[in-house]
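To keep things clear, I will list the structure first and then write my remarks on it.
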Amino acid sequence: MRLVGLTGGIASGKSTVSGLFKSAGVPVVDADVNVVQKGTGGWKKIVKAFGNGILLENGEIDRAQLGQIVFSDPEKRKLLNRLLAPHISCGIFWEILKLWVKGCLVIVVDIPLLFETKMDRWTDPVVVVWVDPKTQIERLMSRDGCGQEQAQSRIDAQLALDWKKSEADIVIDNSGSLDDTKEQFQEVLKQVSAPLTWKERMMSRDGLLSIVVCTAAGVLLAQKNLL
């Protein structure tokens, strides 16, 4: 089984690339969505810490409002990360396990805090969606309707995108048009869909079953020879 780490920065276009993987039939585990859905443990902790004022009418968390709160206050941002960290790890594990049981060979793990939570050590390759600083701030201002100073503050609150780029195995430059990104994505798709290595095959469901069957056969053969 191959776990592909997907990350980026705010307004870098990571969600766009995640959507392209899904459209191509590659299963994606979205860390953000899974841990803050209404009724989950992560959702309950967030509501308890930040109040009902961050909820939409349907009870889901207003991500935009929560983002404004935590990006303007470093302590609240640390609190949020601390509250969600265990739920992110646990949620990702169970979603991967479900896909493993189904026999999926390639799984994309979409984690905004991939490097911050050290989960990059479990994924290979790591795909970083990068965008140039000027385009990033312009897109963030347009998307969230915020001013330049606020947008820059939110960008600065994250690990530098250039640093993430330097740590990546694969980089998708999303500074241009959507067509440019799609063209790059096709090459990335070929890379992540390449034949699995021997080690990756052994980690897959079928690989593990093969090991179990071979081991059982070996034990039975040894017992027969001893009789």
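Rounded to the nearest 20, the size of the Cβ-charge dipole of the range 18-174 about its Cα centre is 560 debye, with Lys and Arg at +1 and Asp and Glu at -1. Between F50, I96, I137, the Cα set farthest toward the positive side of the dipole of the range 2-225 (charges on each charged residue's Cβ, about the Cα centre) is that of I96.
Amide H contacts of V106: R2, each under 5 Å away and 5 or more positions distant or on a separate chain (H built 1.01 Å from N in the peptide plane; Pro and chain starts excluded).
Extension gain for E75-W94 works out to 3.9 nm (0.36 nm per residue, less the C-alpha to C-alpha distance). Scanning the chain for long hydrophobic helices, with DSSP H runs required to stretch 15 angstrom or more by C-alpha along their axis and to average at least 0.5 on the Kyte-Doolittle scale, returns 205-226.
Restricting to Cα pairs below 8 Å that are 6+ residues apart, what does the relative contact order work out to for the chain? Please round to a whole percent. Before the final figure, lay out the partial values.
Numbers: 276 pairs, mean separation 75.0, N = 227.
In percent, rounded to a whole number, it is 33.
Taking amide hydrogens as placed 1.01 Å from N in the peptide plane, the amide H of T40 sits under 5 Å from that of no residue at least 5 positions away in sequence or on another chain.
Write down the accessible area per residue of the range 2-225 in Å², having rolled a 1.4 Å probe over the full set of protein chains. Numbers along the way, then the final one.
Values: 12550 Å² over 224 residues.
That works out to 56 Å² for each residue.
Annotation note: trypsin sites (Lys or Arg not before Pro) in the range 64-142 located in DSSP loop regions with a Cβ neighbour count of at most 14 within 10 Å are K118.
The values are calculated or read from the model by the stated rules, or taken from the named source; none is laboratory data. Owing to the predicted nature of the structure, the values given are computational and were not obtained by experimental measurement. FYI the Cβ positions are ideal-geometry reconstructions off the backbone, even for glycines, and counts take in every protein chain you see. The accessibility values were calculated without ligands, DNA or RNA, using every heavy atom of the protein model including side chains. Shrake-Rupley method; radii C 1.70, N 1.55, O 1.52, S 1.80 Å.
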